[in-house]
Amino acid sequence: MKIDPAMKQYITEMILKTSFKMPSRLNLPPTALRFALEQLAKVFPQRKDVEIRALKIAGVHAEEIKPQPQTTQMIFHIHGGAFFVGSLKTHRAFLSEMAVRTQMQVLHIDYPLAPEHAYPEASDAVYDVYINLLNQGIQPKDIIISGDSCGANLALALVLRLKDEDTALIPSGLVLMSPFLDLTLTSESLRYNQKHDALLSVEALETGIEYYVPKNMDKSLTQLSPIFGDFKGLPPTLVQIGSKEILLDDAARFEEKAKQAHVHVTYKLYTGMWHNFQMFSPWFDEAKRSLADLAEFAHKLDRT
């Protein structure tokens, strides 16, 4: 029996609110929430038409996901999880879908999580992996840096750091999915979408910030809140956000500021979607469209 799309979305949102959003608002140990998220991620079907290889780069565990033996571009993806949850396991199925849709190699890393590893350990690990890739002979023009949620924070912070060091290090493109860019929590959508976002709670963000940011450190620093950085010279950037996300205004503010800095930015708003909706592409048309939009963006970069 075919389920009505509206009913399917309603049921999915109720399940997400009950199984993850509500527990994330409680003061549970990070290990418990990590386990819960990995269990939840098992519902996502993993593509069989990819090759997955475990490796270690710059001391960081990683996975290489390939849809075909030879690929021209690499997508270096940084997973989300409010800096304290998320892993290779939670994003493997989603990134296998990304690899198939783009027909590009996807590199996924298991960066150190807070509170065991506070700032700057995650950002330094991401930087070290990227520089290691360049040292292996991979050209910046052949890399797209991508991230979801706090992974988008780390991705943008990485590109800003590379830009400050040497513009020759900047990758060909940047993808920000459901980006969490402002750790000062000043975006209005944190309040007006609080009841609508099925997956992410303000409490989870506050917990992640408490774990990730060292005491007495200014949360508005660009390294922590890259929304406050200088965007001039950023590579072409794709931003994807759902209309129900509490982080909607983080994405909108990025688009506005990036355009003012003359960055080529493609901003995509997906109606009725919650945080990290892209991971639900096997079941929802808007999520499928987000991966098609990502593939289109990546292929344009590959042709330039």
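General observations
- DSSP-assigned coil residues among trypsin sites (Lys or Arg not before Pro) in the range 31-70, each with at most 14 further Cβ atoms within 10 Å: LYS42, LYS48
- Annotation: the residues GLU203, GLU188, GLU97, sorted from fewest to most other C-beta atoms within 10 Å of their own C-beta, follow the order GLU188, GLU203, GLU97.
- Here is what passes the span test in the chain: the DSSP H helices with alpha carbon length of 18 Å or more along the helix axis and a Kyte-Doolittle mean of -1.0 or above are 88-102, 121-135, 150-165, 285-303.
- Using a Förster distance of 35 Å, the FRET efficiency for THR186-HIS61 (Cβ separation, nearest 0.05): 0.50
- The distance between label points at THR12 and ALA295 comes to 1.8 nm (points 7 Å beyond Cα on the Cα→Cβ vector).
- Highest mean packing first, where packing is the average number of other Cβ atoms within 10 Å per residue, the peptides 3-11, 17-25 line up as 17-25, 3-11.
- Rounded, prolate or oblate (a/c below 1.5 giving rounded, otherwise prolate when a/b exceeds b/c) for the range 157-304 by Cα gyration tensor: oblate
- Distance between the modelled labels on GLN136 and GLN103, one decimal in nanometres: 2.3 nm (7 Å Cα→Cβ projection).
- For the chain, convex hull of alpha carbons as volume per residue, Å³: 125 Å³
- Over 22 Å between alpha carbons, listed pairs LYS48/LYS141; LYS66/LYS288; LYS48/LYS89; LYS56/LYS89; LYS195/LYS257: LYS48/LYS141; LYS195/LYS257
- Relative contact order (percent, whole number), the chain, Cα cutoff 8 Å, 6+ residue spacing: 18 percent
- Spatial separation of Cα centroids for the range 121-183 and the range 34-111, in angstrom: 16 Å
- When its C-alpha radius of gyration is set against 2.2 N^0.38 Å (N residues), the range 49-119 gives a value of 1.13.
- Cut-off under 5 Å, modelled amide H: who pairs with PHE76 long-range: LEU107, ILE144, ILE145, SER146
- Working note: 222 nm ellipticity from helices only, DSSP H runs with n ≥ 4, each -39,500 (n - 2.57), summed and divided by the residues of the chain, gives -12000 deg cm²/dmol to the nearest 500.
- Percent antiparallel among DSSP beta bridges (both partners in the range 5-303, rounded to 5): 30 percent
- Cα gyration tensor, the range 30-71 - rounded (a/c under 1.5), prolate or oblate: oblate
- Residue among PRO179, PRO69, PRO171 with the largest mean-square fluctuation in a Gaussian network model of the chain, springs linking Cα atoms under 10 Å: PRO69
- Shape class for the range 1-123, computed from the alpha carbon gyration tensor (a ≥ b ≥ c): oblate, with a/c not under 1.5 and a/b at or below b/c.
Every number in this text was worked out from the coordinates using simple rules, so none of it is lab data. The structure displayed is predicted, hence computed values, not measured ones. For neighbour counting, all protein chains shown are included, and Cβ atoms are generated from backbone atoms with ideal geometry for every residue, glycine included.
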